[in-house]
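The values are calculated or read from the model by the stated rules, or taken from the named source; none is laboratory data. All values reported here derive from a predicted model rather than from experimental measurement. Cβ atoms come from the backbone with ideal geometry, glycine included; neighbour counts cover every protein chain shown. Side chains included, ligands, DNA and RNA excluded: accessible areas come from the protein's heavy atoms. Shrake-Rupley method; radii C 1.70, N 1.55, O 1.52, S 1.80 Å.
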Amino acid sequence: MTLRLTVNGQAVEQEVEVRRTLADFLREDLGLTGTHLGCEHGVCGACTVLLDGEPVRSCLLFAVQASGAAVETVEGLAPGEALHPLQTAFREHHGLQCGFCTPGILMSTLALLRAQPLPSDQQILEMLGGHLCRCTGYQGIIDAVRAVARSWQR
Ligand code: FES
Ligand code: FES
């Protein structure tokens, strides 16, 4: 079927098989490989993108379920070479090592900060509860989220 949606603000119209997952559509059809696939079972959170502003597991959705929606992926955070403030904070606070989990965590963090500009530690932990990171021990990620929230208050 013909799928119409916006991805990172750009209108997309493309033929897609009805069983194509949103993750495969983004990665393989649109070349947006910043969205990572880990478990493909809805557990790890690596594939998280925003669908009309809400974090979703793109491995669990069919692309056609995003028909008419606005999808945001990590590629849309920082057009061009400059980093988004979230990416800068993750780098400065050692919120990533291998980076496999990072795109999904960045997208969930963005949704959290839009809803809660100054989240409590509990809210940050609840957000991170949907993401597995095998490298960082999470403290650097928490520090990065706190730092960017504080900087956005100024
Ligand atoms: S790849 Fe989607 S939750 Fe793990
Ligand atoms: S930075 Fe390696 S899995 Fe999170």
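Details
- Amide H to amide H distances under 5 Å link THR21 with ALA63, where only residues 5 or more positions off or on other chains count and H is placed in the peptide plane.
- Inter-centroid distance (Cα atoms) of the range 44-100 relative to the range 138-154, Å: 17 Å
- The Cα atoms of the range 24-110 give a gyration tensor whose axes a ≥ b ≥ c have a/c of 1.5 or more with a/b greater than b/c, which makes the shape prolate.
- Gaussian network model of the chain, Cα within-10 Å springs - most flexible of ALA11, ALA23, ALA111: ALA11
- Listed residues THR21, THR35, THR136, most fluctuating in the chain (Gaussian network, C-alpha, under 10 Å): THR136
- DSSP bridge orientation in the chain - percent antiparallel, rounded to nearest 5: 85 percent
- Where Rh is the Kirkwood radius over Cα pairs, Rg/Rh for the range 60-130: 0.99
- The chain - percent relative contact order, Cα under 8 Å, separation 6 or more: 24 percent
- Each listed q (0.13, 0.14, 0.16, 0.19 Å⁻¹) maps to a log10 I(q)/I(0) for the range 14-66, found by the Debye formula over equal Cα scatterers with no solvent: -0.25, -0.29, -0.39, -0.55.
- Label zone (GLN153, point 7 Å along Cα-to-C-beta; backbone nitrogen cut-off 12 Å) within the range 103-147: 117-121, 146-147.
- Counted by Cβ distance under 11 Å from LEU37, the other residues give a net charge of -1, where Lys and Arg count +1 and Asp and Glu count -1.
- In this structure, the amide hydrogen of LEU3, modeled 1.01 Å from its nitrogen in the peptide plane, lies closer than 5 angstrom to those of GLN14, GLU15, VAL16, counting only residues at least 5 positions away or on a different chain.
- Largest first, the three principal axis extents of the alpha carbons in the range 1-152 are 44, 28, 26 Å in whole numbers.
- Think of a 1.4 Å ball rolled over the protein heavy atoms: the range 1-129 then has 51 Å² of accessible area per residue.
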